[in-house]
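Enquirer: Dropping a structure here in structure tokens format, bear with me for questions.
The values are calculated or read from the model by the stated rules, or taken from the named source; none is laboratory data. Note that the coordinates shown come from a computational prediction; the quantities given were computed from them, not determined experimentally. Here the Cβ is made from the backbone with ideal geometry for all residues, glycine too, and neighbour counts use every protein chain on show. Note: accessible area is taken over every heavy atom of the protein model, side chains too, but ligands, DNA and RNA are not part of it. Shrake-Rupley method; radii C 1.70, N 1.55, O 1.52, S 1.80 Å.
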Amino acid sequence: VLNQILQLDDQAIDAVRARIHVFDDQDRFTPGTFLYHHHWFRDAAFLALGFENMGLGARVAPKLERYPERQERDGFFRSQSGEWDSNGQALWTLGLHVRRGGNPALADRMWKAIARGAAWIDRTRRGGDGERGHVPHRGLMPAGFSAEHFGPNDHYLWDNFWSIAGLRDARDLAVLLGRSADASRFGEMHEEYRADLESAIRWSSERWNGILPCSPYRRPDSAAVGNLVGASPLGVVDPGDPWVGATLEFLMERCRWKGLFYQSIVHTGMNPYLSIQLARVLQARGDARLHGILQALLDAASPTWCWPEAIHPVSGGGCMGDGDHGWAAAEFLSLVRDLLVRETPGGLLLLDGVPPEWLRPGKSLSIHGAPTDHGTVDLEVEHLDSELVVRWSILRASHQAQGQHVLSLPGRAARSHLALHGDAGEIRVAMGGNQESKQ
């Protein structure tokens, strides 16, 4: 399987990266080229992430400039009524752009919209505080239909993972812009929200042996995949949390077909972007089963490397949505990028998803101009004789934090982790484990 991935990746990556621009409708990102020429904050968040990861942040900024026009007077970033995840997605996408090196002046110009959007989250999630006694959804977003592949109206935890990420990013932007009063206010909102969300998570997961359903009022089913977004890409949940592992194993065992995630609610097919959601969290947990999902995704692609929104389990053709789905394409690029470089608390982890076959004698691997939360990364790895030669450089924007950069290399039993000191340097790693560092 890993050898097949090695042979196919270059062609697939080049094709999808060249095509990603078809989902750019100038004033908005759209998740399809045929049916879906509309704006949704949800799809736009994943598309923006894909564009940022490919070094195309300049294409994201003009879309963000239009976000205040899409906001209602009460602060709601409206995709459509009944979807309560959009404010978190709007604020997270803006925070992502700035973290990846975008100009903070954009956030400063949009501050009124940001502040209103954050206040809307806090006000809306407190709407049920007047209810008597304890209810499992206390402090959560109202019932809504959210992402349509979850099912009928309910208090979906997905909405709350996005919303709490949005509040966190509003707070961090306030700190960056020197707006201390707003930073303090949003920080208090975030901490109070986190306490309510953690209470709902405990109550829900304890009822189902650690598995976290999509809502406190549902039993575990395929919609629980939405909860994994909290671990990746949002980073509001530790991937090592017990409920993450239990929920992931439930989905891997009960909700897969031909190696891909099978969504049995509404979409009723093998879903490429939700399959990648599983792979994301597998990687964050250091689980090599992510490569099997990647291979199944490549096997299911069209000859031109397209994926529909959902794949028919028998025919292999599309059975839902657009035949060339932007969310799926963007998430494929983001997954491959994360194999090479991804953010961790406080820094970057380099090559953590790379299989051993990519670093065998005579092989070389390079990353050029990769935007990250801690600067733009260049990395070259060559396997010469009995040692790996690793060269790196990181160029940060003035507002980007310096992080700890760690190189992850495959070993016989487990991966080894080597700290890279400084913003540029070279390190030689003997395959026996000895290393010599040149800064």
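For every residue, the table says whether it meets (1) part of a strand (DSSP E or B); (2) over 19 Å from M320 (Cβ atoms); (3) in contact with a Gly (Cβ under 8 Å, 6 or more places away or on another chain).
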site: V237; (1), (2), (3): no, yes, yes
site: W243; (1), (2), (3): no, yes, yes
site: L248; (1), (2), (3): no, yes, no
site: F261; (1), (2), (3): yes, no, no
site: L278; (1), (2), (3): no, no, no
site: V281; (1), (2), (3): no, yes, no
site: A296; (1), (2), (3): no, no, yes
site: C306; (1), (2), (3): no, no, yes
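Enquirer: On the basis of being part of a helix (DSSP H, G or I) and either under 26 Å from G346 (Cβ atoms) or free of Cβ contacts under 8 Å to residues at least 40 places away in the same chain (or both), does G226 make the cut?
Expert: Details: part of a helix (DSSP H, G or I): yes; either under 26 Å from G346 (Cβ atoms) or free of Cβ contacts under 8 Å to residues at least 40 places away in the same chain (or both): no.
No.
Enquirer: Please determine whether any residue of the stretch 66-77 is part of a helix (DSSP H, G or I) and under 16 Å from the mean Cα position of the chain (by Cα).
Expert: Within the stretch 66-77, none of the residues are part of a helix (DSSP H, G or I) and under 16 Å from the mean Cα position of the chain (by Cα).
Enquirer: Going by what's in this entry, would E83 be described as at pLDDT 95 or above, over 17 Å from the mean Cα position of the chain (by Cα) and more than 28 Å from G375 (Cβ to Cβ)?
Expert: So E83 does not fit the description; no.
Enquirer: In addition: Among the numbered criteria (1) touching a helix residue (DSSP H, G or I) at 6+ places or on another chain (Cβ under 7 Å); (2) buried (at least 24 other Cβ atoms within 10 Å of the Cβ); (3) touching a residue at least 40 places away in the same chain (Cβ under 8 Å), which one does L177 miss?
Expert: Of (1) touching a helix residue (DSSP H, G or I) at 6+ places or on another chain (Cβ under 7 Å); (2) buried (at least 24 other Cβ atoms within 10 Å of the Cβ); (3) touching a residue at least 40 places away in the same chain (Cβ under 8 Å), only one is false for L177: (2).
Enquirer: Residue by residue through the stretch 392-419, note down the ones that are within 18 Å of G369 (Cα to Cα) and free of Cβ contacts under 8 Å to residues at least 24 places away in the same chain.
Expert: Passing the criteria: only S398.
Enquirer: I'd like the full set of residues that are in contact with a helix residue (DSSP H, G or I) (Cβ under 7 Å, 6 or more places away or on another chain) and among the basic types (K, R), limited to the stretch 226-266.
Expert: K258
Enquirer: Taking only pairs six or more apart or across chains, which ones have beta-carbon atoms under 9 Å, a first residue in the stretch 94-106 that is in contact (Cβ under 8 Å) with a residue 40 or more places away in the chain and on the phi > 0 side of the Ramachandran plot, and a second residue that is open to solvent by 30 Å² or more (accessible area, probe 1.4 Å) and not hydrophobic (A, V, I, L, M, F, W, C)?
Expert: Close Cβ pairs (under 9 Å, with a partner that is open to solvent by 30 Å² or more (accessible area, probe 1.4 Å) and not hydrophobic (A, V, I, L, M, F, W, C)) amount to G101/D373; G101/T376; G101/R396; G101/H399.
Enquirer: Among the residues of the stretch 83-101, which ones are open to solvent by less than 10 Å² (accessible area, probe 1.4 Å) and in a loop (DSSP other than H, G, I, E, B)?
Expert: Answer for the stretch 83-101, where residues must be open to solvent by less than 10 Å² (accessible area, probe 1.4 Å) and in a loop (DSSP other than H, G, I, E, B): E83, D85.
Enquirer: Please work out which residue is most open to solvent (accessible area, probe 1.4 Å), limiting yourself to the stretch 102-114 and to residues that are in a helix (DSSP H, G or I) and not basic (K, R).
Expert: The residue in question is D108.
The rows are residues; the columns are (1) of a type in the set (D, E, K, R); (2) crowded, with 16+ Cβ neighbours inside 10 Å.
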| position | (1), (2) |
| --- | --- |
| F23 | no, yes |
| F34 | no, no |
| R59 | yes, yes |
| Q71 | no, yes |
| G75 | no, yes |
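Enquirer: If W257 satisfies every condition in (1) within 19 Å of the chain's Cα centre (by Cα); (2) surrounded by fewer than 23 Cβ atoms within 10 Å (Cβ to Cβ) but one, which is the exception?
Expert: (1)
Enquirer: Another one. From Y217, Y193, which residue is more than 21 Å from R337 (Cβ to Cβ), at pLDDT 95 or above and surrounded by 18 or more Cβ atoms within 10 Å (Cβ to Cβ)?
Expert: That would be Y193, the only listed residue that is more than 21 Å from R337 (Cβ to Cβ), at pLDDT 95 or above and surrounded by 18 or more Cβ atoms within 10 Å (Cβ to Cβ).
Enquirer: Quick test of your reading of the structure: D169 fulfils all but one of (1) surrounded by 18 or more Cβ atoms within 10 Å (Cβ to Cβ); (2) in a loop (DSSP other than H, G, I, E, B); (3) not small (G, A, S). Name the failing condition by number.
Expert: So D169 meets the others, but not (2).
Enquirer: Suppose we filter the stretch 177-205 for residues that are out of contact with any His (no Cβ under 7 Å at 6 or more places or on another chain) and within 18 Å of R218 (Cβ to Cβ); how many remain?
Expert: Final tally of qualifying residues: 7.
Enquirer: Follow-up question, since we're still on this one. Hey, any hits in the stretch 147-163 for a residue that's in contact with a Phe, Trp or Tyr (Cβ under 9 Å, 6 or more places away or on another chain), part of a helix (DSSP H, G or I) and hydroxyl-bearing (S, T, Y)?
Expert: Within the stretch 147-163, the first condition is being in contact with a Phe, Trp or Tyr (Cβ under 9 Å, 6 or more places away or on another chain), and the residues that meet it are 147, 150-156, 158-160, 162-163.
Pick out the ones that are also part of a helix (DSSP H, G or I) and you get 150, 158-160, 162-163.
Applying the additional criterion that residues be hydroxyl-bearing (S, T, Y) yields 163.
The answer is yes; a qualifying residue exists.
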